[in-house]
1. Among the numbered conditions (1) within 14 Å of the ligand (Cβ to nearest atom); (2) at negative phi; (3) surrounded by fewer than 19 Cβ atoms within 10 Å (Cβ to Cβ), tell me where L91 comes up short.
2. I need the full set of residues from the stretch 54-98 which are out of contact with any strand residue (DSSP E or B) (no Cβ under 7 Å at 6 or more places or on another chain), of a type in the set (A, V, I, L, M, F, W, C) and under 16 Å from R132 (Cα atoms), in order please.
3. Against the condition in contact with a helix residue (DSSP H, G or I) (Cβ under 7 Å, 6 or more places away or on another chain) and either within 14 Å of the ligand (Cβ to nearest atom) or over 24 Å from D49 (Cα atoms) (or both), how does G67 come out, does it pass?
4. Could we say that S120 is polar (S, T, N, Q), away from the ligand (no atom under 15 Å from the Cβ) and part of a helix (DSSP H, G or I) here?
5. A2 fails exactly one of the following numbered conditions: (1) of a type in the set (G, A, S); (2) modelled with pLDDT of 95 or more; (3) surrounded by fewer than 17 Cβ atoms within 10 Å (Cβ to Cβ). What is the number of that condition?
6. Looking at the structure I just gave you, is A99 more than 21 Å from F47 (Cβ to Cβ), surrounded by fewer than 20 Cβ atoms within 10 Å (Cβ to Cβ) and within 7 Å of the ligand (Cβ to nearest atom)?
7. Can you tell me how many residues in the stretch 76-117 are in contact (Cβ under 8 Å) with a residue 12 or more places away in the chain and outside any helix (DSSP H, G or I)?
8. Can you go through R132, R58 and tell me which one is near the ligand (Cβ under 9 Å from one of its atoms), surrounded by 13 or more Cβ atoms within 10 Å (Cβ to Cβ) and part of a strand (DSSP E or B)?
Amino acid sequence: MARRRAGSGEASSGQRDPRNLAERNGGATRDRRRCDRHAVGLINLQFRDDHVATLAYRVFPASRGQGFASRAVRLVTSWAFRDIGLTSLLLEIDEANDASLKVAEKCQFGPVDTRTELASNGARHTTLVFARQRP
Ligand SMILES: CC(C)(COP(=O)(O)OP(=O)(O)OC[C@H]1O[C@@H](n2cnc3c(N)ncnc32)[C@H](O)[C@@H]1OP(=O)(O)O)[C@@H](O)C(=O)NCCC(=O)NCCS
């Protein structure tokens, strides 16, 4: 299986206003007008093959709830479909991760699979897989 990494991106904000995030740079989002180089999170693509990748993201606790994750996922999704030729993006989300499930819904990813694994302590761990196809 071919694998490539697109590199991690940082999302930065001047006034922590997601409406200011306007510039893409290889998956990174930066505030073009008021960038103070203050990172608010990370986003990256994990390639499954030349056409399919899993999108992973994290917003640092102090910056959550301001729309950064949704904005970053939308920007990287557009870039991945338009500029690097991916045809499908995946999200893998713990079923208890309500914030990330909301991000998937807001960014128009649909459910495609469910994986349940048994941890060594016997606990069940369920991951929901979502996908979005290139339009
Ligand atoms: C998941 C995560 C990336 C969301 O980042 P964020 O920037 O706070 O997300 P957004 O601000 O774009 O919010 C997305 C939506 O989720 C909602 N939301 C946020 N926290 C929530 C919670 N605990 N329960 C339910 N909904 C929640 C927001 O209200 C928003 O919906 P709205 O626009 O309709 O109000 C962030 O919580 C995080 O980094 N968590 C730890 C790492 C992680 O889980 N990464 C994803 C792995 S798949």
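The values are calculated or read from the model by the stated rules, or taken from the named source; none is laboratory data. Computed from a predicted structure; not experimentally measured. Reconstructed Cβ throughout: ideal geometry from the backbone, glycine too, with neighbour counts over all protein chains shown.
1. Every condition holds for L91 apart from (3).
2. F81, I84
3. yes
4. For S120, the condition - polar (S, T, N, Q), away from the ligand (no atom under 15 Å from the Cβ) and part of a helix (DSSP H, G or I) - is not met.
5. (2)
6. In short, yes.
7. 21
8. Of the residues listed, the single one that is near the ligand (Cβ under 9 Å from one of its atoms), surrounded by 13 or more Cβ atoms within 10 Å (Cβ to Cβ) and part of a strand (DSSP E or B) is R58.
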